[in-house]
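First the structure, which I've put down as structure tokens, then a few questions once you've had a look.
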Amino acid sequence: MSGLRTLVVGFGQVASGLTRDARMAQYFDYASHAAVLAAHPAFDWQGVVDPNAAAQADARDTWGVPHCGGDLDEIIAKVRPEIAILAAPPGDRAKAVAAMPDLKAVLVEKPLNSPGTGERNGDGAALRAVCAERNLPVLVNYWRRADRLFQALAAGGLAEHVGSPQAVFGLYGNGLANNGGHLIDFLRMLLGEVVAAQALGPDETAMGAPITGDRHLPFALTFADGPVATLQPLDFRRYREVGLDIWGDGGRLSIVQEGLVTRLFPLTENRGVTGENEIASDAGIELERTVADSLYRMYDNLAKTAAGSAMPWSPLESALTNERIIEAILRSAAEDGARQSLV
Ligand SMILES: NC(=O)c1ccc[n+]([C@@H]2O[C@H](COP(=O)([O-])OP(=O)(O)OC[C@H]3O[C@@H](n4cnc5c(N)ncnc54)[C@H](O)[C@@H]3O)[C@@H](O)[C@H]2O)c1
């Protein structure tokens, strides 16, 4: 078979399990890495490494992967990977990359560091060092960066629809390092770089979150162009949302239901006050949803990056910036809400 010889390290939910969620399948044609790798002609999926026997059996039996096991070196020797998909939680990723001499590109899951390990000592810094030494391109799976609608919004569509942002609100849950990171990354994609971060409330344990030790707190981000976004955590044991609400000087854009629904609300004459305007928040139109193939498109970008014909849409440096912002938010909470400059 032609295609880039590919090895997946870590074969749990995001690598495979999410494909089995029937509700998710209604919206996402490719809900897991496995779903893309089984379909994408640019990749020759040869191996899976996971210490868990059930995960190995899933790779072998569900997906027909030829080389599956728990011993990284043994599977690397069989696969000689050109592409590594690092889909285990942070910890040993730099070591895994160092053990694969034939790599052309890497796709890694966020976050890059375990909460509390710090930017300098965490896995992210080690991964950056080993990849920089070999000039290896790295993509981090912030999937919204590969979504067609969100790319169009970031490339000028947002300004066209709503003008300059005046007020920005966001909701996240299941942890600051987890979905908080997604939201920070998405905001940077749409609004540009963050110049300051500030905690707006106490730093609490994110109860029920998948990353041990992850935090929940409300916070504010100031963007270089001026707007301020305030974000607040929700308890996902009640209900889920990862959403944004952007009030521009010419309209309002809401991205809700965790990215599945994007609505545009027009600026019109004020219905209650003569001579004034309003946003018709009861008259939104829905923009076309394009999440179905966003993970597939991330792999398109991965293949092109490996061939040297494209730049990563979601590069390692950008993902490290998200985590630097998260550290600043936590530092602000520890300093009683002191504003943290990021420039
Ligand atoms: N981009 C996204 O939208 C998204 C969505 C879900 C999860 N994630 C991220 O993906 C990562 C994995 O999350 P998950 O929900 O799939 O977790 P999971 O617990 O379902 O699966 C992780 C798998 O990795 C294996 N593993 C652990 N250490 C390993 C090692 N050293 N080598 C090989 N395998 C190892 C485990 O046995 C397990 O099978 C996390 O960092 C998570 O934050 C990202």
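The values are calculated or read from the model by the stated rules, or taken from the named source; none is laboratory data. Only a predicted model underlies this, so the values are computations on that prediction, with no experimental measurement involved. As a convention, Cβ positions derive from the backbone with ideal geometry for all residues, glycine included, and neighbour counts pool all protein chains shown.
For segment 186-243, list the strands (runs of 3 or more DSSP E) that sit wholly inside it and hold at least 3 residues that are surrounded by fewer than 18 Cβ atoms within 10 Å (Cβ to Cβ); which are they?
Correct list: 228-234.
What helices (runs of 4 or more DSSP H) lie completely within segment 22-92 and have 1 or more residues being under 30 Å from residue 125 (Cβ atoms) and within 13 Å of the ligand (Cβ to nearest atom)?
Numbers: elements: 22-27, 33-37, 53-57, 72-79.
So the answer is 33-37, 53-57, 72-79.
Under 7 Å between Cβ atoms, at least 6 apart or on separate chains: pull out the pairs that start in segment 26-55 with a residue that is β-branched (Val, Ile, Thr) and end on any residue that is assigned to a helix (DSSP H, G or I) and within 11 Å of the ligand (Cβ to nearest atom).
36/295; 48/56; 48/59; 49/72; 49/75
Oh, and also: Scan segment 327-336 and tell me whether some residue there is over 28 Å from residue 177 (Cβ atoms) and aliphatic (A, V, I, L, M).
Of segment 327-336, the ones over 28 Å from residue 177 (Cβ atoms) are none.
No - not one qualifying residue is present in segment 327-336.
When you look at residue 264, is it in contact with a His (Cβ under 8 Å, 6 or more places away or on another chain) and assigned by TED's automatic domain parsing to the domain that holds residue 202, yes or no? Even if it seems obvious, please write down each step before you answer.
Working: in contact with a His (Cβ under 8 Å, 6 or more places away or on another chain): yes; assigned by TED's automatic domain parsing to the domain that holds residue 202: yes.
When the stated conditions are applied, residue 264 passes them.
I'm trying to understand the selection: among the residues of segment 131-150, which are in contact (Cβ under 8 Å) with a residue 12 or more places away in the chain and surrounded by fewer than 18 Cβ atoms within 10 Å (Cβ to Cβ)?
Filtering segment 131-150 down to residues in contact (Cβ under 8 Å) with a residue 12 or more places away in the chain leaves 131, 134, 136-150.
134, 148 - these are the residues of segment 131-150 that are in contact (Cβ under 8 Å) with a residue 12 or more places away in the chain and surrounded by fewer than 18 Cβ atoms within 10 Å (Cβ to Cβ).
Of all residues in segment 1-18 being polar (S, T, N, Q) and under 23 Å from residue 96 (Cβ atoms), which is nearest to the ligand (Cβ to nearest atom)?
First, the residues of segment 1-18 that are polar (S, T, N, Q): 2, 6, 13, 16.
Next, from what is left, pick out any that are under 23 Å from residue 96 (Cβ atoms): 6, 13, 16.
Details: 6: 15, 13: 3, 16: 8 Å.
Ranking the candidates gives 13 first.
Just one of 267, 260 is surrounded by fewer than 21 Cβ atoms within 10 Å (Cβ to Cβ), modelled with pLDDT of 95 or more and closer than 30 Å to residue 15 by Cβ; which is it? Spell out how you get there, then give the answer.
Numbers: 267 fails: closer than 30 Å to residue 15 by Cβ.
Answer to the selection: 260.
Consider residue 102 carefully, then state whether it is more than 18 Å from the chain's Cα centre (by Cα) and of a type in the set (D, E, K, R).
Values: more than 18 Å from the chain's Cα centre (by Cα): yes; of a type in the set (D, E, K, R): yes.
Spelling it out, residue 102 is indeed more than 18 Å from the chain's Cα centre (by Cα) and of a type in the set (D, E, K, R).
Further question: Being touching a residue at least 60 places away in the same chain (Cβ under 8 Å), within 16 Å of the ligand (Cβ to nearest atom) and aliphatic (A, V, I, L, M) is the filter here; which residues of segment 151-199 pass it?
176, 177, 183, 184
Examine segment 44-60 for a residue that is buried (at least 17 other Cβ atoms within 10 Å of the Cβ), more than 23 Å from residue 142 (Cα to Cα) and among the aliphatic types (A, V, I, L, M), and state whether such a residue exists.
The answer is yes; a qualifying residue exists.
Let's see how each residue does on (1) out of contact with any helix residue (DSSP H, G or I) (no Cβ under 7 Å at 6 or more places or on another chain); (2) among the aromatic types (Phe, Trp, Tyr); (3) in a loop (DSSP other than H, G, I, E, B):
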| site | (1), (2), (3) |
| --- | --- |
| 288 | no, no, yes |
| 292 | no, no, no |
| 295 | no, no, no |
| 303 | yes, no, no |
| 310 | no, no, yes |
| 318 | yes, no, no |
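Which residues, taken from segment 93-103, are charged (D, E, K, R) and either buried (at least 19 other Cβ atoms within 10 Å of the Cβ) or part of a strand (DSSP E or B) (or both)?
Step one: of segment 93-103, the residues charged (D, E, K, R) are 93, 95, 102.
Within segment 93-103, just 93 meets the criteria.
Yes or no: residue 58 in contact (Cβ under 8 Å) with a residue 24 or more places away in the chain and either under 21 Å from residue 212 (Cα atoms) or not polar (S, T, N, Q) (or both)?
Details: in contact (Cβ under 8 Å) with a residue 24 or more places away in the chain: yes; either under 21 Å from residue 212 (Cα atoms) or not polar (S, T, N, Q) (or both): yes.
Spelling it out, residue 58 is indeed in contact (Cβ under 8 Å) with a residue 24 or more places away in the chain and either under 21 Å from residue 212 (Cα atoms) or not polar (S, T, N, Q) (or both).
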